[in-house]
Amino acid sequence: MTIALYPGSFDPVTKGHIDIAERAASLFEEVIVAVYDAPPKDLLFTTKERVELVRKSLSHLPNVRVEPYTGLTVDFAEKVKAKVLVRGLRIFSDFEREFEMALMNKQLAPCLELVCFMTSQDYQFVSSSLLKEVCRLGGHIEDFVPEDVARALRKKLCH
Ligand code: ADP
């Protein structure tokens, strides 16, 4: 049985993330979506809130579970016995960063394989940071996040 780990900040989860998780869930027996507690960026949502929103958004996938984690992704992968790391690729800048991280992770954990999913066309421009900006400025975000997430974003950003 192959366990895949899909790590990220998910601040908040978007339909782009959900699409990657659904596709990973159709390929691997078990997918663990791992919410990193301290990414090197300003967060809008707490770890608990991010985990909660991801759980609600992926509750239709029986072979997916959502866990917070701290420390190195490769250490968490070893802890949960994941053999595969899942990431999504949007634009060229994603590739550069993912490539760099993949090489480092290979040094740290040679047995862990990386599987990258190309973004679906509908979500190629969707990022948590852009959606936060659009929401803050009063724009329509409902097409790119589930209703629960849209509500949580509006509550945080639109008073
Ligand atoms: P991180 O801070 O680890 O990049 P993110 O939550 O921003 O966390 O992204 C987690 C993963 O999901 C990354 O591999 C990212 O490239 C991927 N991802 C985010 N948005 C999309 C999208 N719209 N389409 C495909 N992949 C995406």
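Accessible area of Cys111 (1.4 Å probe, protein heavy atoms only, ligands and nucleic acids ignored): about 120 Å². All other residues with a Cβ under 14 Å from the Cβ of Gly71 taken together, and with Lys, Arg as +1 and Asp, Glu as -1, what is their net charge? That sum, taken over residues with Cβ under 14 Å, equals -3. Cα centroid separation, the range 98-159 to the range 54-86: 16 Å. Alpha-carbon geometry of the chain: the Rg and the Dmax are 15.2, 47 Å, given in that order.
Per the 1.4 Å probe, what fraction of the accessible area of the chain, in percent, lies on carbon and sulfur atoms?
Here it works out to 56 percent.
Across the range 105-110, computed HN-Hα scalar couplings (Karplus, 6.51 cos²θ - 1.76 cosθ + 1.60, θ = phi - 60°) run 4, 5, 5, 6, 9, x Hz from first to last residue, x flagging Gly and Pro. Cross-link check: pairs Lys41/Lys156; Lys15/Lys56; Lys41/Lys81; Lys48/Lys156 evaluated at a Cα-Cα cut-off of 21 Å; pairs beyond the cut-off: Lys41/Lys81.
The values are calculated or read from the model by the stated rules, or taken from the named source; none is laboratory data. Model, not experiment: these values are computed from the prediction. Please note: Cβ atoms are built from the backbone with ideal geometry, for glycine as well, and neighbour counts cover all protein chains shown. Surface accessibility is based on the protein's heavy atoms, side chains included, excluding ligands, DNA and RNA. Shrake-Rupley method; radii C 1.70, N 1.55, O 1.52, S 1.80 Å.
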